[in-house]
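The values are calculated or read from the model by the stated rules, or taken from the named source; none is laboratory data. If you're wondering where the values come from, they're calculated on a predicted model, not measured in any experiment. Positions of Cβ are generated from backbone atoms using ideal geometry, with glycine treated the same way; all protein chains shown enter the neighbour counts. With ligands, DNA and RNA removed, areas are computed over all heavy atoms of the protein, side chains included. Shrake-Rupley method; radii C 1.70, N 1.55, O 1.52, S 1.80 Å.
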Amino acid sequence: MIVPEPAKSDHFTATRNACKMCTPLGACLAFSGVEGCVPFLHGSQGCATYIRRYLISHFREPMDIASSNFGEHAAIFGGQTNLEQGLANVIRSYEPAVIGIATTCLSETIGDDMPMFLHQFTSKYADPTPLPHLVHASTPSYSGSHFDGYMEAVFALAKTLAEKGQTQATLVNMIPGVVSPADIRHLKDILSDFELDYVMLPDYSERMDGVSWDDYQRIPEGGTTVDELKSMGSAAGSIEFATTHHKSQTAGEYLASACDVENHRMDMPIGIAATDRFFDALEKLSGKATPRRHQMDRGRLVDSYVDGHKYCFGKRAILYGEEDFVIALASFLCEIGIVTVLIASGGKSGKLLENIERVMPDPSVATVMDGVDFEEITDAAMDMHADLIIGNSKGFKLSQKLDVPLVRVGLPIHDRMGASRIVHLGYQGTQYLYDLIVNTLLDVKQRTSEVGYTYI
Amino acid sequence: MAPDSPEQAVELTPDGTLTSEGLREELLKAYPKKSRRKREKQFVINEKTVNEDGTVTLPQIGANTRTIPGILTQRGCTYAGCKGVILGPTRDIVNITHGPIGCGYYSWLTRRNQTSAPNDSDANYMTYCFSTDMQDENIIFGGEKKLAAAIQEAYDIFQPKAIAVFSTCPVGLIGDDVHQVAKDMKEKLGINIFGFSCEGYKGVSQSAGHHIANNQVFKHVVGTDNTPRSKFSINLLGEYNIGGDAFVLEDLLERCGIELVSTFSGNSTYDQFANAHMANLNAVMCHRSINYVADMIEKKYGTPWIKVNFIGAKSTAKSLRKIGEYFADEKLMEQIEKVISEEYPAVFEAQKKYKPSLEGKRVMLFVGGSRAHHYQDLFGELGMKTVAAGYEFAHRDDYEGRAVIPDIKIDADSRNIEELHVDADPDMYDSDKVRDKWAKEEKGYTFAEYDGMMTQMAEKALVIDDINHYESEELIKRVKPDLFCAGIKEKYVVQKMGVPCKQLHSYDYGGPYAGFRGAIEFYKDIDRLVNAKVWKMIKAPWDE
Ligand code: SF4
Ligand code: SF4
């Protein structure tokens, strides 16, 4: 008789309605931001199919992920043959510049020796035609979430491809973390406005939010090029939005330690304070003052904070999503007078609480939960009298249950259009979020008012 | 051409310059030798030979073989077929995914299968996604204890009638015995608990998962409730209530006076499965995913099965009549005719309205294990021509008909999946039904018959099994079909190339498409999609 494991205090043993996705999904997303890169899952085909489908339903764009397609034999004896065959086929049919290989729970459990496999593959096939770059991220889902997988892949890309070189004074590495294609486009604009050369890693701003094709594209256009990746080692500095990542080094830390590229690691720039820090770093790196249009953006944002203060002050919000994302949002909500009563994440870096304490002047108002699922969030949220929920599509049920509106941001959003076009970052992104939040609150007020004001 | 006139060869493009042979060769040319040899078998031209005795011989197709690593397939995994497809639509069995988080998360209400409990207080766990969310220590030390705890918790929260446990890839590898845990917890809690060894790598596609699901549901649930059912009672097998199809069919059958005991598994409940063996006939929609249950019920209880198809108005009428004919009751048959004649005027009306803007358009369908066949009926009703079709996870019999089953080679992957040995039930086996079946067969009524997709398709149409990315792109580029039917993974790439893509797994946003009402809905949706203005806006003025 197998005796159940005792339930861990108030935490459930099972995960019910998870608030995180799996590690390789994050890795595949990051890999899709490299030009000519085919994401490749080493494991059975189901994971690739599921992850493709999930990313596709968020971005509404094609998303190819190859797989080494394990059968029973590979599952027992290891997947080297499958890997080699799979890579060979991907190389033949895509002619990729890079293959981004993430290992699924299956191959991780088997313990496939990836560095050795890849080494052997390379020595076997590199002649006569050079092979694409093979980048491996170790992504077992039983330790971590999609966020960790994303960070791991970005790290692996930098580690595998960046080359130490003569420092280029105007070159900056921009490493933004899990953000939307529109965020990436916005960051590029900002960097250009500072007249900086930059390497954006990853850059799926076109591939995951593209246009119709005149000609068929085997691998959709856009992304960080291999040359750019190589040049990361000679940048004058890196700006990296990464708060809680702890598994391995971050890409920025790696570049600092291996290539002496100064790393400016900071929170995601949502809200004025966090964005100010970002612009401060840009001023330092570029030696230029913040261009007028961004000064104006900031000014308008402050102006709107003032104008809208009466609508949001004292309102109560529930936040969930990746740890880095909720930390940034919590800091922003404080600025606009919204009380964040619950901050939750499926991630489990162990660093959520300390960071919330850092960014919130009065963290005692908030319940902070990491490693939780939506049932735990729902239980905690029941008598919090929230006015607003902010997070991805998966909070819909919670929103229905509490009868509180859900402001959809982040990933995944598969029940609304335009997830790729949400700008979350910078003064502009904050402005968008701010208007969205205030208008959502106004909508409730108007709909629940007996008078039915059209003038608020 | 239209399925009704198969002797005419299909025209791939309006100008007729492209031949099926030429196109096939062009596409296969790109493969290295070994892959080519494999793909050749799965990529056939529908050339039918009429034999002297009037029977038709179809070309042989390769199907249900493993996808080559590194080739982008549409297929999912065994777990997806088992948990997502078969058990997913049942609302009152708590499903627990034993494994790391992703597998459960991605199968969390992603198929648009609907359910409707009669009362608010009735159990519906479909919106729940339980997972043991295995962590490092479970992989190292085993996850059985955690699974047992998860079952206990699910029980504590819901006290459900049944709990089902689904194994994902790592589980098989670390050697967790889900069946033992299920058995122990069943004894402890006194409710039905059963496990599925549906690790993703087990089979070549979802199909293996269907089989595993069929086996376990048959073994653990079917036959546990002997409440008698009425004379005209049936089970509807292989209907998953995507977009509300089952609701339409439930209503249709009821109006005809046919009692629906269970549906496998659209809008279904545990109790329906338990009582399914008491129905007098099994009607099979999706042959691929569910024929095992039909066969096993027949072996154990003597209940025969027939193939039906409720996709397309004509097929719906035909299927209803076939059920009526089986029961051979005047009044029932009259009632069926009455319902058909009530429904048909609106169907004609809609056909008249939508056909002119759709007639002659060329369609490709690459989906599922039955839909790529069934939906050809609907397109036929609109005068649209299926120029190429294929399944994602079907077997040879779904292409060439059940007559080929004895010739199908069993490979290592298929051997992996248990074939349940089923004997006649000493108490419940109904010999009268069997004798009745024989008598009917003598009069020409056909049971357990499915002729497959290819018989119905036009001469020289392309039939492609497990189509991959490369092939579908080339087909689109060269043939420029007016409509491509597939799933969400293909949708956006197809549409980037300026060709509309209808999702036939989840129906996009639409449905129901089954029955008469569904047919009308489908005509409308196809017209809206194919003739949408946006297809003409893709080129900017400066590109002209
Ligand atoms: S791990 Fe296995 S069961 Fe899970 S999605 Fe991947 S292939 Fe399917
Ligand atoms: S096995 Fe791991 S990688 Fe595959 S879907 Fe499940 S959680 Fe994700």
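How many residues does segment B:156-179 hold that are away from ligand 2 (no atom under 16 Å from the Cβ) and either open to solvent by less than 10 Å² (accessible area, probe 1.4 Å) or within 24 Å of the chain's Cα centre (by Cα) (or both)?
Count: 4.
Just checking, how many residues over segment B:427-485 are over 19 Å from the mean Cα position of the chain (by Cα) and within 14 Å of another protein chain (Cβ to nearest Cβ)?
13
Looking only at residues that are among the polar types (S, T, N, Q) and open to solvent by less than 10 Å² (accessible area, probe 1.4 Å) in segment A:21-66, which one is farthest from the other protein chains (Cβ to nearest Cβ)?
Result: A:Ser32.
Can you tell me which condition B:Val494 does not meet? The list is (1) touching a residue at least 40 places away in the same chain (Cβ under 8 Å); (2) closer than 30 Å to B:Tyr31 by Cβ, and all the others hold.
Tallying (1) touching a residue at least 40 places away in the same chain (Cβ under 8 Å); (2) closer than 30 Å to B:Tyr31 by Cβ, B:Val494 fails exactly one: (1).
Determine whether B:Ser233 is of a type outside the set (Asp, Glu), closer than 23 Å to B:Gly104 by Cβ and in contact (Cβ under 8 Å) with a residue 24 or more places away in the chain.
no
Does segment A:193-206 include one or more residues that are surrounded by fewer than 20 Cβ atoms within 10 Å (Cβ to Cβ) and either under 14 Å from A:Glu240 (Cβ atoms) or in contact (Cβ under 8 Å) with a residue 60 or more places away in the chain (or both)?
yes
I'd like to know if segment A:92-111 contains one or more residues that are more than 25 Å from B:Ile488 (Cβ to Cβ), among the small types (Gly, Ala, Ser), at the interface with chain B (Cβ under 8 Å from one of its Cβ atoms) and touching a residue at least 12 places away in the same chain (Cβ under 8 Å).
No, segment A:92-111 has no match at all.
Among the residues of segment B:74-118 satisfying the criterion of being under 17 Å from A:Thr15 (Cβ atoms) and more than 14 Å from ligand 1 (Cβ to nearest atom), which is most open to solvent (accessible area, probe 1.4 Å)?
Checked segment B:74-118; the qualifying residue most open to solvent (accessible area, probe 1.4 Å) is B:Leu109.
So how many residues does segment B:180-204 have that are over 19 Å from B:Asn64 (Cα atoms) and either more than 11 Å from chain A (Cβ to nearest Cβ) or under 20 Å from the mean Cα position of the chain (by Cα) (or both)?
Total satisfying the criteria: 9.
Only one of these conditions is not met by B:Gly70: (1) within 13 Å of chain A (Cβ to nearest Cβ); (2) on the phi < 0 side of the Ramachandran plot; (3) buried (at least 20 other Cβ atoms within 10 Å of the Cβ). Which number is it?
(2)
What is the number of the single condition among (1) open to solvent by less than 20 Å² (accessible area, probe 1.4 Å); (2) in contact with a Ser or Thr (Cβ under 9 Å, 6 or more places away or on another chain) that A:Val359 does not meet?
(1)
Could you tell me which residue of segment A:141-185 is surrounded by the most Cβ atoms within 10 Å (Cβ to Cβ), considering only residues that are within 16 Å of ligand 1 (Cβ to nearest atom) and more than 14 Å from the chain's Cα centre (by Cα)?
A:Ser141
Mind counting the residues in segment B:234-259 that are in a helix (DSSP H, G or I) and either of a type in the set (A, V, I, L, M) or open to solvent by 10 Å² or more (accessible area, probe 1.4 Å) (or both)?
10
Considering only residues that are buried (at least 22 other Cβ atoms within 10 Å of the Cβ) and assigned to a helix (DSSP H, G or I), which ones fall in segment A:246-277?
Listed by number, the residues that qualify are A:Ala251, A:Gly252, A:Tyr254, A:Leu255, A:Ala274, A:Thr275.
How many of the residues in segment A:212-257 are under 28 Å from A:Gln168 (Cβ atoms), more than 14 Å from chain B (Cβ to nearest Cβ) and either under 22 Å from the mean Cα position of the chain (by Cα) or not small (Gly, Ala, Ser) (or both)?
Result for segment A:212-257: 26.
Do we have A:Ser138 as open to solvent by less than 20 Å² (accessible area, probe 1.4 Å) and in the same structural domain as A:Gly79 (by TED's automatic domain parsing) here?
It is false that A:Ser138 is open to solvent by less than 20 Å² (accessible area, probe 1.4 Å) and in the same structural domain as A:Gly79 (by TED's automatic domain parsing).
One residue is enough: does segment B:210-233 have a residue meeting the conditions basic (Lys, Arg), more than 16 Å from ligand 2 (Cβ to nearest atom) and either in a strand (DSSP E or B) or closer than 21 Å to B:Phe166 by Cα (or both)?
yes
Within segment B:91-195, considering only helices (runs of 4 or more DSSP H) that don't extend past its boundaries, which have at least 2 residues that are over 30 Å from A:Ile56 (Cβ atoms) and among the aromatic types (Phe, Trp, Tyr)?
Qualifying helices (runs of 4 or more DSSP H): B:144-158.
Could you identify the single residue in B:Asp427, B:Asp432 that is out of contact with any strand residue (DSSP E or B) (no Cβ under 7 Å at 6 or more places or on another chain) and under 23 Å from B:Asn215 (Cα atoms)?
When all the criteria are applied, what remains is B:Asp427.
Can you name the residue in segment B:135-148 that is hydrophobic (A, V, I, L, M, F, W, C) and modelled with pLDDT under 95 and is also nearest to B:Gly76 (Cα to Cα) among such residues?
Ranking the candidates gives B:Ile139 first.
Which of the numbered conditions does A:Gly79 fail, given that it passes all the others? Conditions: (1) more than 7 Å from chain B (Cβ to nearest Cβ); (2) touching a residue at least 40 places away in the same chain (Cβ under 8 Å); (3) open to solvent by less than 10 Å² (accessible area, probe 1.4 Å).
Failed condition: (2).
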